[in-house]
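Since every read-out is calculated from the coordinates, none of them should be taken as a lab result. Treat the numbers as computed from the prediction; the structure is a model and nothing was measured. A quick note on method: Cβ atoms are made from the backbone with ideal geometry, for glycine too, and the neighbour counts reach across all protein chains shown.
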Amino acid sequence: MNAIMSALCLEEISRADVGLATAASCSVWAMSPIMPPRENRPLMELFTPEFLSDERWYVGSAAITDGRGGSDVENLDGTHGRHIATTAKRSGDEWVVNGHKLWPTDSGGLADVFSVFCTTDPEGGDEAFAIIYVPSDTPGVTQGGPYRKAGMSGESNSDVWFDDVRVPVEYRAHGPYEDALAARAFICSGNVGTGAQCIGVMRGVYELVRDWCDTRVVGGKVLKEHTITAGVLADIVVSIETSRAETYLKARMLDQPEVYGSRDNPEMLARTRVTKPYVSDQLTSVVNKAMDLMGAYGYAREGDLEKYWRDSKILSLWMGGRALPQLDIARWFFDAQTY
Ligand SMILES: Cc1cc2nc3c(=O)[nH]c(=O)nc-3n(C[C@H](O)[C@H](O)[C@H](O)COP(=O)(O)OP(=O)(O)OC[C@H]3O[C@@H](n4cnc5c(N)ncnc54)[C@H](O)[C@@H]3O)c2cc1C
């Protein structure tokens, strides 16, 4: 999947509604481990025609976060899959999947197929890390009701239970070691995608603030003509421009493995891990600055800023919060043996 094109689409949709952007992108993101450059053609041929149907919206969902936590599953180079609670045991020509997942975007009754991040051996390492595709109508799959959240109402999340769920062995994305590599590439694209979503929200906020500061009069002149405000407005643009530079540089790196290396290596993981905390911090700062400038009007439901404010925080929390990116960055750039 072309990372720059995906980022541009995500940015534009997020400018309007980052929840909707999340719902649309996570559906496809769930399928990315079996798509080029590491494609599993039989599985693609089985599932992707459904995604192209114009009859109805066919929905994918990445079930990563376990009942006992999300970061441990994504801490690929720290714990190497050893703390994954969801298991897949081989039984003849089937996988038997058991586990309890939380939060998959597009769950809560929407998902048609889950990519389930699990382990074939909780004592094993990278070789046991597995991504197994499970159609949601398989016996033993239960989706709970949608969670109530502070924001991101354009997408739906719930508990998902897998109780002795049987799928053909061919539904594993690739196989030993290969699934762990596919997961690394998956995280890299998620980091860049999150950056693009943050930029989209910041652009939406910029447009609101621009209108506000053009027309709001205090002390006898419009807000933007006050030096103290102009400095804040300039800082908002600095955040957007530097976030753009960071995000699209990393998207370009993902798209050019012949120059920068494959998206499944630890260096690319560390480099794209920089994107998420940096850009989501810029987003938090931009939304706060905008709220300061707009005062009570920014906080009111009648305006649009408060929605951006409620939607934005999760962009720094998901995919392992702040700690996991820091661990991956320190591991690669300082050879820090921490997990
Ligand atoms: C709107 C929304 C959409 C989501 N979409 C999805 C989805 O599509 N699929 C999915 O599976 N999940 C999804 N999630 C879940 C999300 O990815 C997880 O919440 C997130 O990865 C963190 O996991 P956790 O909440 O279990 O926190 P934990 O993993 O319990 O982490 C708690 C704290 O510990 C820190 N931490 C983590 N690892 C370490 C470490 N090794 N050392 C020290 N500190 C550490 C974290 O940074 C965090 O601050 C979504 C969540 C939301 C709110």
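Mind sorting PHE47, PHE333, PHE117 by how few other Cβ atoms lie within 10 Å of their own Cβ, fewest first? List each step's numbers first, then the result.
On the way: PHE47 22, PHE333 12, PHE117 28.
So the residues, fewest neighbours to most, are PHE333, PHE47, PHE117.
Please tell me the relative contact order of the chain in percent, rounded to the nearest whole number, where contacts are Cα pairs under 8 Å and at least six residues apart. Could you put the intermediate results ahead of the total?
Values: 644 pairs, mean separation 66.3, N = 339.
Relative contact order comes out at 20 percent.
Over 18 Å apart: what share of the alpha carbon pairs of the stretch 20-145 falls there, rounded to a whole percent?
Values: 4220 of 7875 pairs.
The answer is 54 percent, as a whole percent.
If one computes the Cα centroid of the stretch 211-263 and of the stretch 61-82, what distance in Å separates the two points?
Answer, in whole Å: 33.
Would you please calculate the Kirkwood hydrodynamic radius of the stretch 180-334 over all C-alpha pairs and express it in Å, rounded to one decimal? The partial results should precede the final answer.
On the way: mean 1/r = 0.0602 Å⁻¹.
Roughly 16.6 Å, rounded to one decimal.
What residues qualify as long-range amide H neighbours of SER156, i.e. H under 5 Å apart, gap of 5 or more or another chain, H built at 1.01 Å from N?
Amide H to amide H, under 5 Å and 5 or more residues apart or across chains, SER156 pairs with ASP106, SER107.
Could you give each residue of the stretch 308-314 its phi-based ³J(HN,Hα) in whole Hz, using Karplus coefficients 6.51, -1.76, 1.60 with θ = phi - 60°, and x for Gly or Pro?
4, 5, 5, 6, 7, 4, 4
Non-local amide H neighbours of GLU94 (under 5 Å, H modeled in plane, Pro and chain starts lacking H): which ones?
Close amide H contacts, sequence-distant or interchain: VAL169.
Could you give each residue of the stretch 26-38 its phi-based ³J(HN,Hα) in whole Hz, using Karplus coefficients 6.51, -1.76, 1.60 with θ = phi - 60°, and x for Gly or Pro?
Going residue by residue, I get 5, 4, 7, 4, 4, 8, 4, x, 10, 9, x, x, 10 Hz, with x marking Gly and Pro.
Of the peptides 138-144, 26-32, 60-66, 203-209, how do they stack up when ordered by the mean number of other Cβ atoms within 10 Å, highest first?
Going from most to least packed, we get 60-66, 26-32, 203-209, 138-144.
If you average the alpha carbon positions of the stretch 112-163 and of the stretch 276-322, how far apart do those two centres end up, in angstrom?
About 28 Å separates the Cα centre of the stretch 112-163 from the one of the stretch 276-322.
Could you derive backbone 3J(HN,Hα) for the stretch 8-23 from the dihedral phi with the Karplus parameters 6.51, -1.76 and 1.60 (θ = phi - 60°), listing whole Hz in sequence and x where the residue is Gly or Pro?
My calculation for the stretch 8-23 gives 4, 5, 4, 4, 5, 5, 5, 4, 8, 7, 5, x, 5, 4, 5, 4 Hz in order.
Over every pair of different alpha-carbon atoms in the chain, take the mean of 1/r and invert it; report that Kirkwood radius in Å.
20.8 Å
Relative to the compact globular guide of 2.2 N^0.38 Å, what is the alpha carbon radius of gyration of the stretch 24-88, as a ratio?
In units of the globular-protein estimate, the stretch 24-88 measures up at 1.34.
Please work out the FRET efficiency for the pair THR284 and ASP214, using the Cβ-Cβ distance as r and a Förster radius of 30 Å; give the result to the nearest 0.05. Write out the running numbers ahead of the final one.
Numbers: r = 24 Å, r/R0 = 0.82.
It comes out at approximately 0.75.
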